[in-house]
Amino acid sequence: MADWYPSAMDALSAWWANFLLRLPDFEGKYPILSTRKAELNAAGEWIQYWVAARHSFDETSKQLSKYFGTIAGNDPGADPPAPINTALPPGKPAEVPPGIESMIREVRREVVGLSNYAEADGEAMGFEATAQTPLNPNDVKPTIDVFGAANNSHFSVVVTGRGDATMWDVYILRKGGNWTKQETCSGKSADITITLTTPGDAEQIQVRVQLRKSNADYGQPSEPAYVTVNP
C-alpha cells in the first residue's frame with residue numbers, strides 16, 4: 001500500500017500546503033491539531049520555504065555554470081554574463097527541531113486512532129494514501145548539472161527527474177554547429193570525453209540530455225547547460 005506521506009521535496013511542499021490550509025477545518029474535532037497547531041504551522045512553513053529555496057539555488061547553479069563557462073571559455077567576444085545572486089529568498093522562517101516527519105506521523109496516529117475519526121477527514125488533510133496517477137511521459141523533463149574537469153577533455157553530467165527512463169543520450173552543441181549525440185548513459189551521472197575542435201585549446205559547449213526508454217525517446221529534452229571543456 002502506498003504511503004500517505006510523500007518523500008519527494010516538491011510533493012512534501014504541496015502536502016504541507018494542503019494540510020495547513022485544511023488544518024482550521026479539523027482542529028476543533030481532533031484536539032491534537034489544536035494543541036500542536038503552532039508546531040505544525042512552523043513545520044509546514046519551514047518545508048515550503050526550503051523547497052522553494054532549493055529551486056532558487058537550482059536556477060543559481062545553472063547561472064553559475066553559464067557564468068563560469070563564459071568567463072573561462074574560449075570566446076573573447078562573448079557577451080559578459082549577468083552577475084550571480086546567491087542570496088536566500090526573502091521570508092526565511094524560524095528554524096524548527098529535526099524530525100518533522102516523525103512529528104507529523106505521531107500526530108496522524110493520534111488523529112486516526114480516535115473513535116470519531118472519519119476517513120473523509122483524513123483524505124482532506126492528506127492522512128490517507130491516494131492511488132498513484134500514472135506518469136505521463138510528455139510531462140517528464142530532466143534537469144541536468146554539468147561540471148567541466150580541469151583537464152583531459154571531459155565533463156560530468158548529473159541528471160535528475162528521469163521518471164521511468166532507463167537510459168539517456170548526451171548531446172553537445174559546439175559554436176556554429178548542430179546538436180550531436182555524444183554518448184548513451186544510464187544511472188544518475190556520467191563522465192563524457194570529447195575531442196576538442198582545436199587540440200590544446202579549451203572549448204565552451206552546450207550540453208543537453210534526452211531520456212530513453214524501451215529503445216525510444218522518452219519525455220522532453222533537458223534545458224541546455226554551458227560547460228567549458230579543458231585540454
Look through region 23-57, keep the residues that are among the hydroxyl-bearing types (S, T, Y) and modelled with pLDDT under 95, and return whichever of them is farthest from I100 (Cα to Cα).
S56
The condition from (1) without any contact (Cβ under 8 Å) to a residue 40 or more places away in the chain; (2) assigned to a helix (DSSP H, G or I); (3) surrounded by 12 or more Cβ atoms within 10 Å (Cβ to Cβ) that E101 misses is numbered (1)
Test: residue in region 19-38 that is under 23 Å from the mean Cα position of the chain (by Cα) and within 30 Å of A149 (Cβ to Cβ):
no
Quick one: what pairs do we get from region 73-94, first residue touching a residue at least 24 places away in the same chain (Cβ under 8 Å), second part of a loop (DSSP other than H, G, I, E, B) and not charged (D, E, K, R), C-beta under 6 Å, 6+ apart or different chains?
N74/A202
For T195, indicate whether it is loosely packed, with under 12 Cβ neighbours inside 10 Å, touching a residue at least 40 places away in the same chain (Cβ under 8 Å) and outside the structural domain of S61 (by TED's automatic domain parsing).
yes
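Somewhere in region 107-127, is a residue charged (D, E, K, R), at pLDDT 90 or above and closer than 30 Å to N74 by Cα? Before the answer, list the steps.
Applying the first criterion (charged (D, E, K, R)) to region 107-127 yields 108-110, 119, 121, 123.
Of the ones still in play, those that are also at pLDDT 90 or above are 108-110, 119, 121, 123.
Restricting the remaining residues to those that are closer than 30 Å to N74 by Cα gives none.
So far as region 107-127 goes, no, none of its residues is charged (D, E, K, R), at pLDDT 90 or above and closer than 30 Å to N74 by Cα.
Being modelled with pLDDT under 85 and surrounded by fewer than 10 Cβ atoms within 10 Å (Cβ to Cβ) is the requirement here; does T130 meet it?
So T130 fits the description; yes.
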Counting only residues in region 6-63 that are assigned to a loop (DSSP other than H, G, I, E, B) and among the basic types (K, R), the one surrounded by the most Cβ atoms within 10 Å (Cβ to Cβ) is identified as R36
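Do you know which of the residues in region 165-178 that are more than 24 Å from the chain's Cα centre (by Cα) and surrounded by 15 or more Cβ atoms within 10 Å (Cβ to Cβ) is farthest from E203 (Cα to Cα)?
Initially, region 165-178 is screened for residues more than 24 Å from the chain's Cα centre (by Cα), giving 173-178.
Narrowing further to those that are surrounded by 15 or more Cβ atoms within 10 Å (Cβ to Cβ): 173-174.
Values: L173: 11, R174: 8 Å.
That would be L173.
Hand me the list of strands (runs of 3 or more DSSP E) wholly inside region 138-226 holding 2 or more residues that are hydroxyl-bearing (S, T, Y). Before you say what the answer is, go through the steps one by one.
Details: elements: 143-148, 154-160, 167-173, 180-185, 189-193, 203-213.
In region 138-226, 154-160, 180-185, 189-193 are the strands (runs of 3 or more DSSP E) which contain 2 or more residues that are hydroxyl-bearing (S, T, Y).
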Scanning region 64-85 residue by residue, those surrounded by fewer than 17 Cβ atoms within 10 Å (Cβ to Cβ) and either among the small types (G, A, S) or part of a helix (DSSP H, G or I) (or both) turn out to be L64, I71, A72, G77, A78, A82
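The values are calculated or read from the model by the stated rules, or taken from the named source; none is laboratory data. Computed from a predicted structure; not experimentally measured. Counting neighbours? That spans all protein chains shown, and the Cβs are built from the backbone with ideal geometry, glycine included.
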